[in-house]
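Okay, so here's the structure we're looking at.
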Amino acid sequence: MSTKGTRIPDWLKVPFAGITPGPSQDKGQNLFPTGNWRSIRPVYRDKLPPCNNACGTNEKIQGYLDLVKRGKYLDAYALIKEDMPFPSVTGRVCYHPCEQACNRGKYDEAISIRAVERFLGDLGQSLKHDVVEAGPSNGKKVAVVGSGPAGHSAAYQLARIGYKVTILEKSSKAGGLNRGGIPDWVLPQHILDREIERLIELGIAIKTNCEVGKDVSWDDLKRDYDACVLAIGLTEPNGVRAEGEDKEGVLYGLPFLRDIGMGTSKVKLGPRVAVIGGGNTAIDCAREALRQGAIEVTMITVEANTDEMPCSPEDLHDMLEEGVDLWHGRALTAVLGAGKVETLQLHPARFSGAINASPITINRNVPAERFAVDNVIIAVGQRASIDWLPQEFKNERGTIKIDRFGRLGDTNFFAAGDIAQFGSGQPLMVVNAVGDGKRVAFNLDKALRGEPLQPRTVAVDVIMDLNRMNMTYFPHFPRAHQSMLSPVTRRKTQVEVIQGFSEKQASEEAGRCFSCGTCNACDNCYLVCPEPCIARPERSNGLYKILVDYCKGCRVCIEECPTGCLEGVPELDFDTGVVRMDTAFAISPGLHGRQAEELLNLASRPAKDI
Amino acid sequence: MATFEVERQILPILGSPNQGARFYNPELPSSEPFVPGHRTCAGCGPSIQYRMTSKAAGDNTILIGPTGCMYVANSSYLCTPYNVPWAHTQIGSAGSFTAGVAAAYEAMIRKGKWKGPFPNIICEAGDGSASDIGLASISGALYRNHDCLIICYDNEQYANTGIQASSRTPYGGMTTFSPPGPEVPEGKKLFPKDLARMMAAGHPHCYVATASVGYPIDLMNKVRKGLNHRGAAYLMIYTPCQKGFVYETPRSIDLGRMVVECGLYPIWEWNPERRVYDYSFRPQNMRPVSEYLKLQGRFGHLHAEHIATLQQFANDQWKMMGVELPDALIWAADPQNQMHMAAAAEAEEVADTI
C-alpha cells in the first residue's frame with residue numbers, strides 16, 4: 001500500500017515504511033523492475049523519409065513540413081536554406097521528385113511539397129535580412145564559373161563556410177539557366193533578381209560579361225584563385241542532323257528561351273510553329289511560342305506516347321490545355337523551302353534502344369509526310385562548350401573528366417552541375433544541379449583543408465516504407481491545389497501561370513504530412529503505454545525515452561506509432577548503439593538487501609523507536 | 001440542515017486529437033498517479049485503462065480497487081504503483097466502500113475537518129466485481145447518488161484467477177468455465193449481460209457511458225465528464241486481456257478499436273439531464289465481426305453459424321444505434337456465407353502461398 005497521502009499510526013510506521021517504499025512519479029515503484037521480462041525492446045530510430053531521399057539536394061523536407069505544421073515558418077525557411085539557396089525559385093520550377101516519392105501518394109494524394117516550398121521561399125523573399133550569414137572569413141579566394149543553379153549553390157555554400165567567392169558569368173545578367181532557360185510565366189525575373197541580391201549580401205562578387213576562354217584563361221583562374229568550381233552547364237544546342245537545318249526560320253530551343261529571358265530576343269514568329277523534341281525545354285518552347293504570337297503550335301516527338309516523354313507530366317498537361325498539338329513517333333529529316341523554312345519533311349521513327357536517350361531509327365522506306373510551317377524550334381538537348389579547357393580534362397562525352405568527388409585530377413578545380421552530371425544517369429534538373437553544387441562545394445572545402453573527400457553520390461540509409469506505418473491515425477484528406485490562370489487568358493501573357501499558397505493552405509497541406517519514420521511528438525506512444533514507462537522531459541520531437549527498467553516489451557507503442565519511428569530490437573541481439581539495460585537485474589539486491597538489514601536490526605532497537 | 005460549501009474540481013475536456021489531416025494528441029495532463037513497476041502482463045488492457053483514467057483524474061484522487069487484476073497483480077507485498085491514496089476492498093463491497101469514502105468526505109467537509117476541494121473518488125472494479133459479485137453494492141451506491149465515479153474495466157472474464165467466465169464473457173468466448181466440446185461447440189452459450197445499459201436504465205440520474213481503450217481521448221474525456229458530474233457516474237470500459245483473449249500483445253489498442261468498428265461494443269453516453277442515450281460516436285469504418293474474432297485465440301473454435309450469430313448480434317447493436325447497415329454486414333449474418341475459424345485460417349495460409 002502506498003504510504004503517500006495516508007496518515008500512518010506511529011506504531012505501524014517503521015516496519016511498514018521500511019518494507020513498502022512508496023512509488024514516485026519520476027522513479028516509479030522501484031521494488032519491481034519488470035524490465036527483465038522483456039525479449040524485445042522498443043527503440044526510437046529516425047529513418048529517412050522518401051521525400052528527403054528523392055530530393056536532388058536532400059532538403060530536409062519532412063523537417064520543414066513539421067515546422068510549418070506548428071506555425072514556425074521562419075525556422076522552416078532556415079532549415080530549407082541549409083540545402084537550397086533559392087526555395088522561391090525551386091518552389092516554382094522544380095520537377096518535384098519528392099512528390100513522386102511521397103508515401104502519401106500511395107495512400108491518397110501526395111503532399112504538395114513544391115507549393116509549401118514556394119510559400120516559404122516567398123516568405124524569405126519578403127524578409128529584410130536573410131536568415132543566412134557568411135561564415136567567418138578564412139582568407140581564401142574561390143572562383144565559381146557560371147551563375148546557374150549549380151554555380152549559385154556552390155557559391156552560396158562556400159560563402160557560408162567563409163570563402164571569398166567571385167562568380168564569373170559570361171552573360172550580361174547573372175542567373176544562368178534560371179534566367180535563360182525558364183520562361184517568365186514560370187519564374188518571374190524579379191524573384192530571381194532578389195535571390196541574386198541575397199548572394200551579393202553574403203559578400204559574393206559577381207563579374208558579368210566575363211567569359212572563360214575569352215576574357216579569362218585557365219591559367220588566370222589557376223593563378224588568381226585558391227580553387228575554382230566550373231559550373232558552366234551545357235550551353236550549345238544539339239541539332240537533329242536534318243537537311244537544310246541552317247535555313248532561316250530554324251530556331252534552337254535554349255537560345256530561343258535565353259534571348260527572351262535576357263531581353264535580347266529579335267525573333268518574330270510566324271503564325272504556324274513546330275517544336276521538335278519531347279523534353280521540358282521543348283514544352284517551354286511550345287508554350288513560349290504561343291506567347292510570342294504563334295497561333296498554331298505543333299509539337300513533334302520521336303516518343304511513341306506521352307508516357308515515354310522525358311518531361312514533367314504536369315507541364316505536359318498544362319501545355320495541351322493551352323492548345324498545343326502533339327504528334328508522336330516522327331522525326332524531322334529535312335527542312336524544305338526556298339531560303340526560308342516552308343515545309344518540314346517527317347518520317348516515322350522510334351528509339352532503337354530501351355531508353356529514350358538511345359539512337360533513333362528512322363524508317364525511310366515509307367513516303368515522307370510534309371508539314372507546312374513558318375518557324376521550327378529544335379529542342380533536342382544541349383552539349384557543352386569547353387574548347388578552352390586543357391585536353392587532359394576532356395572526356396569522350398564532350399564534357400569535363402572528373403573523379404567521383406567532382407575534382408579534376410589532383411588540381412583544385414572542381415566541376416558541378418549539368419557539365420558534371422551529363423551522361424551519369426542523374427536527371428539534368430535544377431534541383432539536381434543545386435545538390436551537386438552543394439556537395440562539390442563541401443568537397444572543395446575539404447580538399448583545401450586536406451581532409452578526405454565525400455563521393456558525390458550520397459549513401460542511402462533505411463528509407464521509410466508505408467507498410468511499416470500505422471494508417472489508422474491518418475484519415476483520407478484531399479490535397480490542396482494551387483490556383484492557376486485559365487488556359488485562354490494565360491496563353492497570350494507573360495503573367496505567372498501557377499499561383500502560390502495562402503498561409504492557411506500551406507499549413508493545412510503540411511498537416512497532411514505523415515512524417516514518415518520520424519518522431520513528430522504526437523504523444524501516441526506516451527499515451528498508450530500500459531506501464532507507463534515512456535517518459536518525456538518536454539513534448540518535443542525525439543525527446544521520448546523508454547524506461548528500460550520497467551518496459552515489459554509488449555510492443556503496443558511500436559504497433560501504435562503512426563510514423564513508424566519506433567522499432568523493436570531483440571533484447572539479446574543488439575545492434576550497435578543500443579545500451580543493454582543496466583539496472584533491471586542489479587536493483588533488487590540493493591533495495592531488498594537494505595530492507596532485510598532493517599528487519600534484522602528490528603529486534604535490537606528499543607521498543608519506543610519501533 | 002445548514003447548507004455548506006463544497007469546493008469542487010472541474011476538469012477541462014480535452015480537444016480532438018485530429019486537427020484537420022494531422023494526427024496530434026492534445027496536451028495531456030502532466031500528473032502521473034499510476035507509475036511503472038507493477039506486475040500486470042505485457043500489453044495489459046486494464047493497465048492501459050487504469051493509467052489513462054488516473055491521468056485524466058489528476059493528483060487529488062482516491063482510488064478504490066475491489067479484488068481483481070488491478071489489485072492482485074499490482075499490490076503484491078503491499079507495494080503498489082499508485083501514487084495517490086488507494087485502498088483494496090472485498091470483491092463484493094466495491095460500491096459500499098466507495099459510497100463510504102464519498103460520504104466520509106462529505107461529512108468531513110461539513111464538519112470543517114477537510115479543507116480543500118472534494119477529491120475525485122474513483123472505484124475501478126473488474127467485470128467480475130461489477131457485473132456479478134459486487135453488482136448489488138454498486139447499484140446501491142449509484143442509487144443513493146454518492147459523488148463518485150465507478151468504473152467497470154471490462155476484460156470479459158475473471159482473469160486473475162486464471163480465465164473463468166463472467167456474465168460479461170461474450171457468446172462463443174472460451175474460458176476454463178466454458179470450454180468448447182462436442183456437446184457445446186460454441187463454448188459459452190449465453191450472451192453477455194448488458195451491464196452499462198442496465199445501470200443507465202436503473203439509475204437514470206447517473207452519468208453512464210461506455211468507452212474503449214482504442215479511443216484514449218474519448219475515454220479520458222468520459223472520465224472527466226463523469227467526475228465533473230455532481231452525483232454518481234458509471235463507466236464501462238473495454239480492456240482487452242492478453243492472456244484470456246489469447247492475442248499478440250501489440251494488438252491491445254488495435255483490438256479496442258476493432259471491437260467498436262465491428263459493432264460488438266457500442267460506444268454511447270447516457271445524458272442524465274435529458275434522460276436520453278447519445279449515440280453520436282461513430283468509428284472511422286465498419287467491419288464484419290470475423291475480422292475481430294480471428295485475432296483472438298478464444299474464438300478459435302467457432303463454427304460458421306456461431307460467427308453468423310455474433311454478426312447478427314452486432315447488426316442488432318448497429319440498428320439500435322440508428323446506423324444504416326451496409327449489405328456486406330447483412331450478408332455476413334447468414335451462416336452459409338461464413339467459414340469456420342480453422343478453415344478460414346487455412347484459406348488465409350493458402351492465399352499467402354499463392
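The values are calculated or read from the model by the stated rules, or taken from the named source; none is laboratory data. Predicted model only: the values in this text are computed from it and were never measured. With ideal geometry, Cβ positions are generated from the backbone for all residues, glycine too; neighbour counts draw on all protein chains shown. All accessible areas refer to the heavy atoms of the entire protein, side chains included, with ligands and DNA or RNA removed. Shrake-Rupley method; radii C 1.70, N 1.55, O 1.52, S 1.80 Å.
Here are a few things to note about the model shown:
- With all protein chains in place and ligands, DNA and RNA left out, the 1.4 Å accessible area ranks A:Leu408, A:Leu448 as A:Leu448, A:Leu408, largest first.
- Proximity of backbone amide H atoms, modeled 1.01 Å from N, is registered between A:Met299 and A:Val275, A:Asp325, A:Leu326, A:Trp327 at under 5 Å, excluding neighbours fewer than 5 places apart on the same chain.
- Scattering from the stretch A:236-383 was approximated by placing one identical point on each alpha carbon and applying the Debye formula without solvent; log10 I(q)/I(0) at 0.16, 0.19 1/Å stands at -0.82, -1.18.
- Karplus 3J(HN,Hα) series, Hz, for the stretch A:539-555 with 6.51 cos²θ - 1.76 cosθ + 1.60 (x for Gly, Pro): 7, 7, 3, x, 9, 7, 9, 9, 6, 5, 5, 10, 4, 8, x, 6, 6
- Here the relative contact order of the stretch B:231-354, from alpha carbon pairs under 8 Å that lie six or more residues apart, stands at 22 percent.
- Across the stretch A:250-296, the relative contact order, built from alpha-carbon pairs under 8 Å that are at least six residues apart, equals 44 percent.
- In terms of accessible area, using a 1.4 Å probe and ignoring ligands and nucleic acids, A:Trp388, B:Trp268, B:Trp331 rank largest first as B:Trp331, A:Trp388, B:Trp268.
- Our note on the geometry: Cα centres of the stretch A:465-499 and the stretch A:421-444, 27 Å apart.
- For chain A, a/c is not less than 1.5, where a ≥ b ≥ c are the root eigenvalues of the C-alpha gyration tensor, and a/b tops b/c. That puts it in the prolate class.
- Computed over the alpha carbons of the stretch A:206-247, Rg followed by Dmax gives 16.1, 48 Å.
- Contact order normalised by residue count of chain B, Cα under 8 Å, 6+ apart, percent: 15 percent
- Mean-position separation - Cα centroids, the stretch A:359-403 and the stretch B:171-233, in angstrom: 76 Å
- Overall dimensions of the stretch A:447-557, expressed as equivalent-ellipsoid semi-axes from the Cα gyration tensor (√(5λ), whole Å, largest first), are 41, 27, 14.
- FRET efficiency, 1/(1 + (r/R0)^6) with R0 51 Å, evaluated for B:Asn271 and A:Glu308 via beta carbons: 0.20
- Using the empirical formula 2.2 N^0.38 Å as the baseline, the Cα radius of gyration of the stretch B:152-280 reaches a ratio of 1.13.
- In the context of the full set of protein chains, residues of the protein assembly as shown present 42 Å² of accessible surface per residue (probe radius 1.4 Å, heavy atoms only).
- Under 5 Å, built H, 5+ apart or other chain: amide partners of A:Val229: A:Ala143, A:Val144, A:Val145, A:Phe414
- Too-long pairs where the Cα-Cα distance tops 22 Å, listed order kept, from A:Lys552/B:Lys243; A:Lys173/A:Lys446; A:Lys72/A:Lys504; B:Lys222/B:Lys319; A:Lys164/A:Lys222; A:Lys173/A:Lys214: A:Lys173/A:Lys446; B:Lys222/B:Lys319
- Coarse-grained scattering of the stretch B:18-299 at q = 0.14 Å⁻¹, given as base-10 log I(q)/I(0) from a Debye sum over alpha-carbon atoms: -1.00
- For B:Tyr158, the accessible surface of its heavy atoms amounts to roughly 50 Å² (probe 1.4 Å, protein chains only, rounded to the nearest 10).
- At least 27 Å along the helix axis (C-alpha) and Kyte average at least -0.5, DSSP helices within chain A: A:430-449
- As a fraction of the 1.4 Å probe accessible area of the stretch B:18-299, surface on carbon and sulfur atoms comes out at 57 percent.
- Stretch in chain A that is longest and holds no GluC sites (Glu not before Pro) that DSSP places in a loop and that have at most 11 other beta carbons within 10 Å: A:1-395
- Surface accessible to a 1.4 Å probe, A:Leu326 within the full protein complex, Å²: 40 Å²
- One Cα centroid belongs to the stretch B:51-97, the other to the stretch B:235-306; the line between them spans 25 Å.
- Accessible area (Å², 1.4 Å probe, nearest 10) - A:Trp37: 120 Å²
- In loop segments of the stretch B:251-341 as defined by DSSP, the trypsin sites (Lys or Arg not before Pro) with at most 12 further C-beta atoms inside 10 Å of their C-beta are B:Arg274, B:Arg275.
- Close amide H contacts of B:Thr239 (hydrogens built in the peptide plane, cut-off under 5 Å, sequence separation of 5 or more or a different chain): B:Asp154, B:Asn155.
- Order of exposure, largest accessible area first, which applies to B:Val260, A:Val93 with probe 1.4 Å: A:Val93, B:Val260
- Near B:Lys193, once Lys and Arg are set to +1 and Asp and Glu to -1 for all other residues with Cβ below 15 Å from its Cβ, the sum equals -1.
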